[in-house]
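Worksheet for the structure shown next.
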């Protein structure tokens with residue numbers, strides 16, 4: 001069993017203690033426009049007509065930045081967040097008392113119900129010191145768990161290998177390879193967005209034709 005979740009919990013707990021509810025507090029860069037772009041890509045999972053009452057599970061929710069962004073865009077979602085870091089969950093629970101939050105690991109399959117949509121923003125960006133093949137297996141298990149909680153679809157992002165540099169602690173994955181895995185293992189109803197100006201991509205997987 002990998003100890004990556006334990007290391008992630010320690011890392012994000014420390015970052016949030018240092019930086020609070022900011023992009024740096026969830027180990028992203030300081031640029032808020034990039035931070036918001038990632039939220040936009042997560043919300044693209046949900047069709048416009050469903051943005052008033054759809055239920056959503058935000059895996060690795062951090063300080064619920066997605067919820068704040070969604071509300072500013074007029075999306076009134078039935079929101080649930082889950083995160084490893086207790087200080088983030090405590091903050092989110094106090095800040096958004098009308099939403100639900102859980103501290104824990106999605107791989108433990110907590111009994112939190114089913115959701116129309118499940119998103120994972122940034123949860124597959126870091127591998128720290130994990131070997132590549134181990135991280136591939138870990139990523140697959142996370143994606144499978146996300147899909148098991150959804151009624152309609154999931155969205156997640158990760159780093160693209162279409163770059164001219166590599167940082168040892170980041171997880172780079174060939175987009176064609178991961179898209180093919182999703183089609184073979186989860187559903188043929190998929191979309192890949194590799195067209196925005198970050199070194200990453202977002203994959204959308206639906207249970208039925210979108």
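In the set 18, 40, which member is under 25 Å from residue 190 (Cβ atoms) and either in a strand (DSSP E or B) or modelled with pLDDT of 95 or more (or both)?
After ruling out the rest, the residue left standing is 40.
What number goes with the only condition from (1) part of a strand (DSSP E or B); (2) within 30 Å of residue 166 (Cα to Cα) that residue 81 does not pass?
(2)
Check residue 33 against each of (1) out of contact with any strand residue (DSSP E or B) (no Cβ under 8 Å at 6 or more places or on another chain); (2) at pLDDT 95 or above and name the one condition it does not meet.
(2)
Is it the case that residue 162 is part of a loop (DSSP other than H, G, I, E, B), exposed (fewer than 14 other Cβ atoms within 10 Å of the Cβ) and in contact with a strand residue (DSSP E or B) (Cβ under 9 Å, 6 or more places away or on another chain)?
So residue 162 passes the test.
Would you mind telling me which numbered condition in (1) within 19 Å of residue 89 (Cβ to Cβ); (2) in contact with a strand residue (DSSP E or B) (Cβ under 6 Å, 6 or more places away or on another chain) residue 38 fails?
Unmet condition: (1).
Applying the selection to the stretch 168-210, what residues are out of contact with any strand residue (DSSP E or B) (no Cβ under 9 Å at 6 or more places or on another chain), more than 23 Å from residue 36 (Cα to Cα) and exposed (fewer than 15 other Cβ atoms within 10 Å of the Cβ)?
Residues satisfying the conditions are 168, 177, 180, 184, 185, 188.
Do you know which of the residues in the stretch 85-133 that are assigned to a helix (DSSP H, G or I) and touching a strand residue (DSSP E or B) at 6+ places or on another chain (Cβ under 6 Å) is nearest to residue 146 (Cα to Cα)?
My answer is 106.
The values are calculated or read from the model by the stated rules, or taken from the named source; none is laboratory data. Just so it is clear, the model here is predicted, and its values are computed rather than measured. Backbone-built Cβ (ideal geometry, glycine too); neighbour counts: all protein chains shown.
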